[in-house]
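The values are calculated or read from the model by the stated rules, or taken from the named source; none is laboratory data. These numbers were taken from a predicted model, which means no experiment stands behind them. As a convention, Cβ positions derive from the backbone with ideal geometry for all residues, glycine included, and neighbour counts pool all protein chains shown.
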């Protein structure tokens, strides 16, 4: 399937966005997020961007105070996912202009719309920033 | 304005953000949930805008980790809103909150279908996305034809078609029949002629799914994939928007190469040549550049190309080129590349014959085993494990053993298992194998399962040359000051069988051997005692002519255990005692163990099973495994580390002291009073199948046939018998008003656990909490075994430790849910800072169905556990006693009104309180002393 979930977590460990591509109960999510946050946030810059956890591999990247954590299947191409995170950040940058944690908090719906355009059912649908942002721009114009 | 002008939502988010702690956050969330609930109740008054706002709030709250058990209907109903903003929210929130089996989703099928077949592109996209994310079987059956039509329609724009492709992928996964192979393979091939890279990206994912199931049907897609790859590699017709740091859409390149890995071979020479040209170019042309993103993207493509080359099993030359590249990668500074280098080298081992080239990098790989990053260490361990063979086993295993001492806790278990497997598989000679396993037990005894030491015994028994060596080694280890219990077991067994082969060496007379083994007896658990008894019997048998002193000593031990509460120990004691009086006949009866029939190593079998398991892991299985966190779920009936079955702990006898709630001192008195008829540091007998395998035939004469393992597992008493402790006539002390009543008396269980180190702390119809403890000076390590007795999960499991000020306690993470019939182990570290009689409390709660249970349980981390007795002879005692100045260093107390109690029983009682009894003084006096260890 590829991507199993995408999390955005700040450095205090608070979840700012969570999108799952497989169904987990709330309890499972809470436990999983707690474990991942504990494992990944403690790592330093000299360590690699991949962490094996349960049956997932977590590919993560830090931007200022925000961590982007993507859970993938074990066979997934890690570097492709790592750069996909960067593509997501660049896309948000293009829309918000230097995106920060607050943009994602207060525009959760837009962050979700972007993700919707980029990932579906755990697979990458679109990698062109212009195409990803078209629907949001249309909406902004309408309102 | 934030959130498209939803002010109330912004305010709520600000409030949440300003919360100082989790409690404030919960209060704010509860308030909001109450608010939203009231609003939804009088639905008439809600405009679509308001509904949208509340639904977003629900999603926000859900994301924060709070249960939102209402309002689903409102989210779903927004799907049928006429305007885009509401509809969009409806679709997105529905796919976040609901799962595919939710009833409300069915209600929406018609609306969704209308959106899909309607003329509005944006509505089509929304509907396809939701179905693509959470559509279930019903959606598959009713929507697949429409989705297929959209995907291949020439009038449909790419933005709809790319979504249709992934939507179809979902429906196909839910019901493979919806894609008709005959009709679809041509269409799939046509799809790959697509120019639009968005549609190609998602179609490629669809192709991967189809091909992985049935590559035969999609042969015609193979050359198309190669064409796409050529187009991207040559950067032909790639719009700027799809170029990422100068690289034509790396994600599509990766996906295309992934699809190609599902075709077993490429027969057409032209296609093959074209593909290899592209691959060669990627392999040679990927340089390290300064820009991180560009570097990552190009290496993503490179690693996928490597995987494809390995899959195609290219010519030797290209392969060695790959290994050379990987060899370069595992030595670079960039940790990501190093990690991937190791990972891909491991994959390479599996597909082709390049072992010898990889072995050249062994030194570098061993360096990575000491990398500061655990992710990299794990990869290195996997690779070393994979590349190990007879030629390098010695180096690798010794490296692993060396690393074991410094390895982090998280890796030790895996490390020791792997070392044991490699040692067995590739041992250049058997004495080396024995060395390795004994070292392993010495360094990481906790992680050495019974299988491992059983196997050593089998090897030694079956190889006469090995016997003196193994016995000598075992004897050496016994000289160490503190050895692991597994070491006690294995050395006792080996010395019982073969110590007579060492008889002429210094320190190896039967008496000395007996002495050094018997020294360990007070420190071992009940599962080890039977092994020691057998050893004594064997020593006795080998001592010819018999040594009356030794004989009396051993007989005394047998007769002591004749009344042991543990059946296994008792039976052995009785039988050995009787047998050992038979004189010469003993030789026949207790003769050396016959050779074990050759059998597959259970260890290797386990390793194989594990491999099969990982290959067939289904989503459900994975989920079951995901339930726990750091704690280990043991659903298997077999204990992993030779610890006795906790299920059996249900059998633990609980002393029936009258007053349940006295402190330790009183408790001691109560027992002295003789309320207790019998105290024994007892825990359940070992599972029959574990030791039976080895030791079964030992008891009586043993033809090889009798050595066959007992296959059935011991059934934990708690499963068969809902109330194993009902023998207790005493009414349970009601410590809580829960509707779920505890089984047995909590206070008595606590008292019993003050005297021994394993047993049941608490039990009710749903759960059993067992405890196993180890104490070393002022440290204690307890393991809580939380066993779910039901066939459904226990939820909201919480365990809080309320330690008194003198104890430092740390409980590892307790999972929220305990799966049905599963047992979770939660280690608890204890450190005693100063002596105190206060007791730590475990505040434990869980939910089962509608009932929630909360109990507060005293933990048996009590004063006496930290005592450290010292043996003093009668002669030494009085001078020492006189040299002490008085309280608190010495205390003298005369206890009156004590009901008579057998000396042995009383001594046992003191021993279990960790007070040393000084023998040889006036018989009616007990002198106990021992310094209290604390920091």
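Residue A:46 meets each of the listed conditions (1) at the interface with another protein chain (Cβ under 8 Å from one of its Cβ atoms); (2) within 30 Å of residue B:344 (Cβ to Cβ); (3) part of a helix (DSSP H, G or I) apart from (3). Screening residue B:194 against (1) over 41 Å from the mean Cα position of the chain (by Cα); (2) closer than 29 Å to residue B:314 by Cα leaves a single unmet condition, (2). Take residue B:469 and tell me if it is over 34 Å from the mean Cα position of the chain (by Cα) and surrounded by fewer than 20 Cβ atoms within 10 Å (Cβ to Cβ). Judged against the criteria, residue B:469 is a match. Has segment B:96-110 got at least one residue that is buried (at least 24 other Cβ atoms within 10 Å of the Cβ) and closer than 24 Å to residue B:194 by Cα? Checked against the condition, which is being buried (at least 24 other Cβ atoms within 10 Å of the Cβ) and closer than 24 Å to residue B:194 by Cα, segment B:96-110 yields no hits at all. Answer with yes or no whether residue B:254 is in a helix (DSSP H, G or I), under 21 Å from residue B:318 (Cα atoms), touching a helix residue (DSSP H, G or I) at 6+ places or on another chain (Cβ under 9 Å) and touching a residue at least 12 places away in the same chain (Cβ under 8 Å). In short, yes.
Considering only residues of segment B:214-246 that are surrounded by fewer than 18 Cβ atoms within 10 Å (Cβ to Cβ), within 14 Å of chain A (Cβ to nearest Cβ) and assigned to a helix (DSSP H, G or I), which is nearest to the chain's Cα centre (by Cα)? The selected residue is B:241.
When you scan segment B:352-360, do you find a residue that is away from chain A (no Cβ under 12 Å), free of Cβ contacts under 8 Å to residues at least 40 places away in the same chain and more than 30 Å from residue B:406 (Cα to Cα), even just one? Taking every residue of segment B:352-360 in turn, at least one turns out to be away from chain A (no Cβ under 12 Å), free of Cβ contacts under 8 Å to residues at least 40 places away in the same chain and more than 30 Å from residue B:406 (Cα to Cα). Taking the stated definitions as given, is residue A:83 in a helix (DSSP H, G or I), within 9 Å of chain B (Cβ to nearest Cβ), within 20 Å of residue B:204 (Cβ to Cβ) and modelled with pLDDT under 95? No, not satisfied. For segment A:86-115, the set of residues classified as in a helix (DSSP H, G or I), away from chain B (no Cβ under 11 Å) and over 13 Å from the mean Cα position of the chain (by Cα) consists of A:93, A:94, A:95, A:96, listed by residue number.
When B:199, B:211 are checked against the criterion of being without any contact (Cβ under 8 Å) to a residue 60 or more places away in the chain, away from chain A (no Cβ under 14 Å), buried (at least 20 other Cβ atoms within 10 Å of the Cβ) and in a helix (DSSP H, G or I), a single residue qualifies: B:211. A residue that is touching a strand residue (DSSP E or B) at 6+ places or on another chain (Cβ under 6 Å), within 14 Å of chain A (Cβ to nearest Cβ) and crowded, with 21+ Cβ neighbours inside 10 Å cannot be found anywhere in segment B:137-149.
Of everything listed in (1) within 30 Å of residue B:209 (Cα to Cα); (2) in contact with a helix residue (DSSP H, G or I) (Cβ under 6 Å, 6 or more places away or on another chain); (3) more than 9 Å from chain B (Cβ to nearest Cβ); (4) free of Cβ contacts under 8 Å to residues at least 40 places away in the same chain, the single unmet condition for residue A:70 is (4). Only residues that are under 18 Å from residue B:421 (Cα atoms) and modelled with pLDDT of 90 or more were counted in segment B:459-485, giving 1. It is to be established whether one or more residues within segment B:394-410 are closer than 27 Å to residue B:313 by Cβ and either touching a helix residue (DSSP H, G or I) at 6+ places or on another chain (Cβ under 6 Å) or free of Cβ contacts under 8 Å to residues at least 60 places away in the same chain (or both). Yes, there is a match, as at least one residue in segment B:394-410 is closer than 27 Å to residue B:313 by Cβ and either touching a helix residue (DSSP H, G or I) at 6+ places or on another chain (Cβ under 6 Å) or free of Cβ contacts under 8 Å to residues at least 60 places away in the same chain (or both).
When residue B:35 is tested against (1) modelled with pLDDT under 90; (2) under 44 Å from the mean Cα position of the chain (by Cα); (3) more than 28 Å from residue A:100 (Cβ to Cβ), exactly one condition is not met: (1). Look at (1) within 9 Å of chain A (Cβ to nearest Cβ); (2) without any contact (Cβ under 8 Å) to a residue 60 or more places away in the chain and you find that residue B:85 fails only one, number (2). Annotation: of all residues in segment B:326-337 being part of a helix (DSSP H, G or I) and in contact with a helix residue (DSSP H, G or I) (Cβ under 6 Å, 6 or more places away or on another chain), the one that is farthest from the other protein chains (Cβ to nearest Cβ) is B:326. For segment A:116-136, taking the residues that are facing another protein chain (nearest Cβ under 8 Å) and over 16 Å from the mean Cα position of the chain (by Cα), the one that is farthest from residue A:87 (Cα to Cα) is identified as A:135. Scanning segment B:66-82 for residues that are away from every other protein chain (no Cβ under 14 Å), part of a loop (DSSP other than H, G, I, E, B) and surrounded by 19 or more Cβ atoms within 10 Å (Cβ to Cβ) turns up B:71, B:79.
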